[in-house]
Every structure is written in structure tokens, then in C-alpha cells.
Amino acid sequence: MKVPDITAHTGCLGTPDNTIESSLAGIAAGANLIEVDVQSTRDGIAFLFHDELSVFSTSTFSELNHPDLRRTLSPIYMDRELVTLEQLFEATIDTDVRYNLDLKTEEAAYSAIEVMERMGMTQRVFFTGNTQGVQHYRNRVVWNTPADWDPSEWLNNRDIVMETCDRLAREGYFGLNMHYLTCCQELVAYAHTKGLAVWVYTVDDPLHQRNMIRMGVDAITTCRVDTLRIIR
């Protein structure tokens, strides 16, 4: 049976989302990849944050990270600073972990790629989310499938799903990134015939974790890295 990679969802094991401690907790628990959300500021700094807010496009990182402003973004920033992608790489560069950068905007892609190239991290980075701006690194893109895909999609719209896989393979994408409830055995098998990896998120229940392993998916994103590591 295929052993999937474990991706630590940001905020795993009860840590705050998009923080250095979250990534380090995932690595310590045995994750092969860590997932973070990436945004970009007005001055092109890639930083970790989930929600897309208008203030990001009108503020420099220095302005955004000022205590008076950052505290309005989330309670977790009352006593900690925002984390840049560069800081995340610096904190984890000596490990062998890889990164799933969930891009929240097209602008975030350009900022993330600049950091990735400058720090020599290209072979350790994958992109999910808003990947329209990732044109020269399609071999690092795990394409997000439509939110309304579900197992019945394979039965009712098999041709559309297969054509999508065919197109992604022709265009050089790395694979598919999908919610685990939209995944099915037939889709995984067909994607693999096209050389596409299948990643699923966010799988915390052990029963669903076992089911994804049986389907043969290539990576499972979870907040419960500890549980999945035992099952796997």
C-alpha cells in the first residue's frame, strides 16, 4: 500500500495559524510538508496570513506589522509579529521539510516566487490556491480542483474530469489538490496514469485518513499529524 506524505496544516496540533511555532510543531511531529497561507503587501513582501484583506494592498509590510495595525488583524498578533515567508524559510531551511504555499492572491505568487528563487528553495516548494501567477513553475503547482467536485462527478461527468487531468498533464502541472470528500478511487487511479499526484485536505478523522491511504493518494494535509503518522 502506498505511504502518503504528511502535510502539516497551518495551526496543526493546536498551535496558532501561520506562525513559526506551527511549522516547527508539524516538523517535530513527523510531517514531510508544511502548509502555510501566503499574502503580499503593497511593497511586495510575502507574509503568512489566511484571510484576504484590503489593507494588505495599501500597506507596506512595516506599516502592517506595526503593533497598532497588526493587532486589528487577529488576536494572535497582540503579542507576536506577522511572519514573512523569508523568515519561515530561515527558521526551517536546515530541515528536509518541503512547503505547500497556499497562495491567496495572484500578487502573492510573484512575491513568493521572488523569495523562493533568492533563497534557493525552488525544489522544496509547491504551490496551491491562486496559482494563476505561477506560469514558469507549473511543475511545482498542485492545481486546486473545483469546490463542487464530488465522487458522483466521476460517474456523471467522467469525460470532464478525465479531460481536466489530461490538460493538466499536457501543461506540466505536478498534480491535483482537492478536499478529501471530493476524492474517489477512480479519480486517483486515472490521475496517476497521467503522472499527476493527488493531494487531499484537511483530513483529521482517523477513519477518513485510513480511507485516503487506501485510495492511494500521494499526500494528506492534516492538523493531526500525530494521528496520521501512527496510522500511516
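Key figures
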item: Filter pass, residue 114 being over 24 Å from residue 51 (Cβ atoms) and either of a type outside the set (A, V, I, L, M, F, W, C) or in contact with an Asp or Glu (Cβ under 7 Å, 6 or more places away or on another chain) (or both); result: no
item: Segment 111-166, subset among the charged types (D, E, K, R) and under 24 Å from residue 84 (Cα atoms), residue surrounded by the fewest Cβ atoms within 10 Å (Cβ to Cβ); result: 118
item: Wholly enclosed helices (runs of 4 or more DSSP H) of segment 183-232 bearing at least 1 residues β-branched (Val, Ile, Thr) and on the phi > 0 side of the Ramachandran plot; result: none
item: Test: residue 116 is within 16 Å of the chain's Cα centre (by Cα) and farther than 30 Å from residue 181 by Cα; result: yes
item: Test for residue 198: is it under 15 Å from the mean Cα position of the chain (by Cα), among the aliphatic types (A, V, I, L, M) and within 18 Å of residue 101 (Cβ to Cβ); result: no
item: Residue check, residue 166 of a type in the set (D, E, K, R) and part of a loop (DSSP other than H, G, I, E, B); result: no
item: Positions within segment 93-108 being among the β-branched types (Val, Ile, Thr) and over 22 Å from residue 137 (Cα atoms), in sequence order; result: 95
item: All helices (runs of 4 or more DSSP H) inside segment 54-114 with 2 or more residues being of a type in the set (D, E, K, R); result: 67-70, 85-92
item: Members of segment 141-155 that are under 26 Å from residue 207 (Cβ atoms), not small (Gly, Ala, Ser) and not in a loop (DSSP other than H, G, I, E, B); result: 142, 144, 151, 153, 154, 155
item: Scope segment 167-184; condition over 18 Å from the mean Cα position of the chain (by Cα) and loosely packed, with under 14 Cβ neighbours inside 10 Å; matching residues; result: 167, 170, 171, 172
item: Selected residue [buried (at least 16 other Cβ atoms within 10 Å of the Cβ), among the hydroxyl-bearing types (Ser, Thr, Tyr) and at pLDDT 95 or above] from 54, 59; result: 59
item: Candidate set: segment 1-35, residues that are among the polar types (S, T, N, Q) and not in a helix (DSSP H, G or I); chosen: the one farthest from residue 92 (Cα to Cα); result: 15
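The values are calculated or read from the model by the stated rules, or taken from the named source; none is laboratory data. This structure is a prediction, so every number in the text was calculated from the model and none was measured. Every residue, glycine as well, gets a Cβ built from its backbone with ideal geometry; the counts of neighbours run over all protein chains shown.
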